[in-house]
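For reference, the structure discussed in these notes is given below.
Just so it is clear, none of the values below were taken in a lab; they were calculated from the coordinates. Because the structure is a prediction, the values reported are computed rather than measured. Every residue, glycine as well, gets a Cβ built from its backbone with ideal geometry; the counts of neighbours run over all protein chains shown.
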Amino acid sequence: SESSPSVIHTLKTITKRIKKLGVVVGNCDGFVGNRMYFPYAAEAVFCVEEGAQINQIDKACKFKHGMAIGPFEVGDLAGNDIGYLVRKSVGLTRDETTNQIGPNREPHLRYTEMPDLLVTKFGRVGQKALKGWYDYDKSIGKGRKPLPSPEVLSFIDTYRKNSGIHTTKSFKPTEIIERVFAPLVNEGFKILEENIARQPGDIDIIFLYGYGWPAWRGGPMFWADNEIGLPKLLQLLETLYSQYPGSDYFRPSQLLQLCVARNIKVQDFYAEKELLALKSKL
């Protein structure tokens, strides 16, 4: 079903009246922002599984890239139980009673139970419990300041060993940025392919105003076009997808491949598309 023009107009009017910036998008799981945020947050956990430190990833995202806060800080702020319940609802988590793996976790799927166990075994749901990926103390920063957690560090070390990860790798900030933001942008291209978002600028507005994206980087799609470059992004995704075929969010978008083949920026692709649509109406 589709929203009627009158409903969309009413919502736009209300949005302006409450002095918010609204973006009209299509319907899918997570819509635009949360759908793109999922691979970003998921890959951050995989980096930790491989050897990165939690605060190292948050610092890279904040101080190297410019995000308002890092992915683990976001998890603690929003509530780690929220993500867990979403994964549980779609049949991915292990049953707490039977210990059976969720029915929709296919054998080929790349999955880590680290965030699940953080919630189910340790009750570390985030700031509201004064413990999540970080510890919190009400007397320090009003309970908002993330503090290193010895319990979490011990848990991660044990999890790696139990998962057969005996040799960990070191991560440079640039590598972290590539690993977590490449799939985020790739999902943005897939959202455009599916017409969930009308144009790249709409995605950029969503992330600039709703997800703490640094304004001076212009939004994730602008960043892909003008900073990282689409050919480099495609090459990076191809490499990562060959290394981690169980993560479909690394599979390069067809739209991205088309833009690279035509040697055109995605913003220019949509400007050209809009011009052609306009001419067809004349």
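Over the chain, the fraction of Cα-Cα pairs per 5 Å bin, rounded to whole percents and listed from the shortest bin up, is 1, 5, 10, 15, 17, 17, 13, 10, 6, 3, 1, 1, 0, 0.
Once the Cα atoms are used to define both axes, helix 33-50 deviates from the longest principal axis of the chain by about 40 degrees. The alpha-carbon atoms of the stretch 197-271 define a convex hull whose volume equals 101 cubic angstrom per residue.
The angle between the Cα long axis of helix 200-210 and the longest principal axis of the Cα atoms of the chain comes to about 40 degrees, rounded to the nearest 10. Qualifying GluC sites (Glu not before Pro) in the stretch 1-77, where qualification requires a DSSP coil assignment and no more than 13 other C-beta atoms within 10 Å, comprise 2. In the stretch 170-245, a dipole from Cβ-located charges (positive for Lys and Arg, negative for Asp and Glu) runs towards its positive end, and of 171, 233, 216 it is 171 whose Cα lies farthest in that direction.
Between the residues 21, 41, 245, the greatest Cα displacement towards the positive end of the dipole of the chain, with unit charges on the Cβ of Lys, Arg, Asp and Glu, is found for 21.
When the Cα convex hull of the stretch 134-282 is projected onto planes of every orientation, the mean area is 12.5 nm². Think of each Lys and Arg Cβ as +1 and each Asp and Glu Cβ as -1; about the Cα centre, that makes the dipole of the chain roughly 820 debye. Over the stretch 1-131, the alpha carbon radius of gyration divided by the compact-protein estimate 2.2 N^0.38 Å works out to 1.29. With a threshold of 31 Å on the Cα-Cα distance, the over-threshold entries among 16/232; 121/190; 62/142; 19/281 are 16/232; 121/190; 19/281.
In Å, the Kirkwood hydrodynamic radius of the stretch 93-209 over pairs of distinct alpha carbons? The answer is 17.9 Å. Relative contact order of the stretch 89-214, taken over Cα pairs closer than 8 Å and 6 or more residues apart, is 9 percent. Cα extents for the stretch 92-150 along the principal axes, largest to smallest and rounded to whole angstrom: 45, 23, 18.
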